[in-house]
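Here the structure is laid out as structure tokens; the discussion comes afterwards.
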Amino acid sequence: MKKLRILLTGLFLFVATGACADNERPISVNQLPQPAQQFIRQHFSDRKIALVKMETDFMKKSYDVLFADGSQIEFDSQGNWKEVDCKLTEIPAAILPTPISTYITSNYPGVSAVKIEKDRREYEVKLSNRIELTFDRQYNLIDIDR
């Protein structure tokens with residue numbers, strides 16, 4: 001009985017550890033969900049794609065697209081963007097929701113957004129002057145990190 005319990009515990013730990021481990025593998029652009037492919041064509045057609053990766057984590061997938069200039073986009077399993085990071089260049093204006101773009105233009109003239117990240121609750125925007133702004137889903141400013 002004791003050996004059976006040890007065996008079952010070991011088997012459980014093996015399965016649990018394997019199931020939670022990240023699994024990344026390179027894929028082609030054509031293997032991305034259709035919305036992700038369209039997003040890239042619409043906003044990043046002038047940039048050269050260096051690598052596309054699919055990450056499987058237990059029960060969900062995500063996709064990372066890395067460009068030759070260092071920019072990066074992360075998509076969820078349906079191909080919706082979660083994060084756009086253009087490092088030192090401005091993210092395409094059409095990606096920024098209009099109220100956020102208006103706020104940045106009004107309060108930080110001459111400064112551009114270089115990164116945007118969204119989740120179920122909020123948007124985080126990093127500006128070229130290194131200030132990070134957080135907006136709720138109704139586009140109200142809720143935090144400024146200098």
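Tabulated values for the structure
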{"read-out": "Whichever aspartates and glutamates have a C-alpha closer than 14 Å to that of LYS60, once near sequence neighbours (fewer than 8 apart) are set aside", "value": "ASP22, GLU24, GLU74, ASP76"}
{"read-out": "Local electrostatic count, ASP69, Cβ distance below 9 Å [Lys/Arg +1, Asp/Glu -1]", "value": "+3"}
{"read-out": "Mean Cβ count within 10 Å, highest first, over the residues of peptides 75-86, 129-140", "value": "75-86, 129-140"}
{"read-out": "Neighbour net charge for TYR123 - beta-carbon separation under 13 angstrom, K R +1, D E -1", "value": "-1"}
{"read-out": "Total formal charge among the other residues, if their Cβ is under 13 angstrom from that of ILE40, Lys/Arg +1 and Asp/Glu -1", "value": "0"}
{"read-out": "Separation in nanometres of the label points that stand 7 Å from Cα toward Cβ, at GLU55 and LYS87", "value": "1.8"}
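Values in this text are rule-based calculations from the coordinates and carry no lab data. None of these values were measured; they are calculated from a predicted model. Glycine gets a Cβ as well: all are built from the backbone with ideal geometry, and neighbour counts include every protein chain shown.
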